[in-house]
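Written below as structure tokens is the structure these notes are about.
Each reported figure results from applying straightforward, stated rules to the coordinates on display, with no laboratory input. What you are looking at is a predicted structure, and each value in this text was computed from that prediction instead of being measured. Cβ: placed from backbone, ideal geometry, glycine included. Neighbour counts: every protein chain shown.
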Amino acid sequence: MCLKIKRVDVSSKKIVGGDLFEYPNVHYDKNSDYRFEDLNEGVFISRVFEELQRLMKETFFDFEFFIFSNHKKKVLPESIQVKSSKKKILLYFSDELGKDPRPYSQHYFAIFKAYIGDRYGSTGNVFPIQIGYVKDVPVFRPIKPIENRKYNVFFRGNLNKNRIDFFRNISGLKWLFPAQRFFRGELYRNLLLKTKVDFSSKFPDSILMFNSSFKSGYTLEKYGEILSESKIVLCPKGYDMTECFRHFEGMRAGCVILSERLPNTEFYRGSPILEIDDWGEGIAIVKKLLANPEQMQRIQKQMIEWWENRCSESATARYVSERIAGLLNVENGNATKD
């Protein structure tokens, strides 16, 4: 019997009257780089807040939430200056440099920031948060079993400065091209792009292609469709950080994921993502996986469970809610001691 695959709509909500999601206590920080509706993470953020309000119930409205999206080094959230009788919480996205928010953490009850990994420890009121998925990448339900998928291995993405060694290993021309530690400039990148960009023949029934820039390949609709039909997804490092949307899009689609080393945070620690030290090792692992369909089936099951329990919108909301509750317990405990 054939399963009917349904595309799930991921269109973003409207912003009404300056307040997000019609919640009067959720605001988009005025110093953000982009309009909220233009954020890649917009739908993910919207759904996290829906789940957060459901979990926290009426206590949700005891807090003032600010969403901040900015990657500029010297720009701080405008909400630092906002005076409120409620406890302020900042959710900070888009900063791939992972700047340290601790210098202004005293202005907030809690800060949840993407791309900081485990660099700032687990103490205090600053916490990492996962980055989500690109809003217009569709997800297809039900998730197709690994053994029924069309493509063995999938990667299509930008040849950025951190993917030179990935290119060298995928291309099979590793010994012809110098490693990225010797040549990191734009001229070297352009030279590689002129040699060849399509290495899909590296593995049977696969798609392995490089683009010249972000979002210059498939449409997001097509990209989501191919993810849903891919067994193994390769996740080389992003422009600045190892973390990228591809990890969570692949996880949500039930793919087996190979990635360079990820931060030791709640969202990756103990996950079924196969982490590697270099792409020579990665290519060898891909070959072993393709020869072991049963192992890929097991990993797919684990990946779907990890998404639902650790990284989905509801799981992320639970993570945020638990950290807020933990800070409240500490505060109440200190107040009792006083």
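Descriptive notes on the structure:
- Protection proxy ranking, peptides 316-328, 286-298, average beta carbon neighbours within 10 Å, highest first: 316-328, 286-298
- Ellipticity estimate at 222 nm from DSSP helix runs (n ≥ 4, -39,500 (n - 2.57)) divided over the chain, nearest 500: -9500 deg cm²/dmol
- Packing here is the average count of other Cβ atoms within 10 Å per residue, and on that basis the peptides 303-310, 48-55, highest first, run 48-55, 303-310.
- In the structure shown, the pairs Lys83/Lys135; Lys72/Lys196; Lys202/Lys222; Lys57/Lys83 are assessed against 30 Å; a Cα-Cα span above that value is assigned to Lys83/Lys135; Lys72/Lys196.
- Cβ-Cβ FRET estimate between Lys222 and Gln302, R0 fixed at 35 Å, reported to 0.05: 0.80
- The translational diffusion coefficient of segment 139-311, from Stokes-Einstein at 37 °C and 0.692 mPa s with a Kirkwood hydrodynamic radius over alpha carbon pairs, comes to 201 µm²/s.
- In this structure the amide hydrogen of Lys113, modeled in the peptide plane, comes within under 5 Å of the amide hydrogens of Tyr92, Phe127, Ile129, none closer than 5 places in sequence on its chain.
- Here Asp205 and Lys86 are evaluated by their C-beta separation; at R0 = 51 Å the FRET efficiency comes out at 0.40.
- Sorted by Cβ neighbour density within 10 Å, fewest at the top, the residues Lys57, Lys222: Lys57, Lys222
- Look at the Cα gyration tensor of segment 223-279: its axes a ≥ b ≥ c give a/c of at least 1.5 with a/b over b/c, and that counts as prolate.
- Principal axes of segment 283-338: Cα extent on each, largest first, Å: 63, 21, 15
- FRET efficiency estimate (nearest 0.05) - Cβ-Cβ, Asp278 to Thr123, R0 35 angstrom: 0.60
- The percentage of C-alpha pairs in the chain whose separation is greater than 28 Å is 45%.
- Subtracting the Cα-Cα distance of Glu322 and Ser212 from their residue separation scaled by 0.36 nm leaves 35.5 nm.
- Annotation: the antiparallel percentage among DSSP beta bridges lying fully within the chain is about 20.
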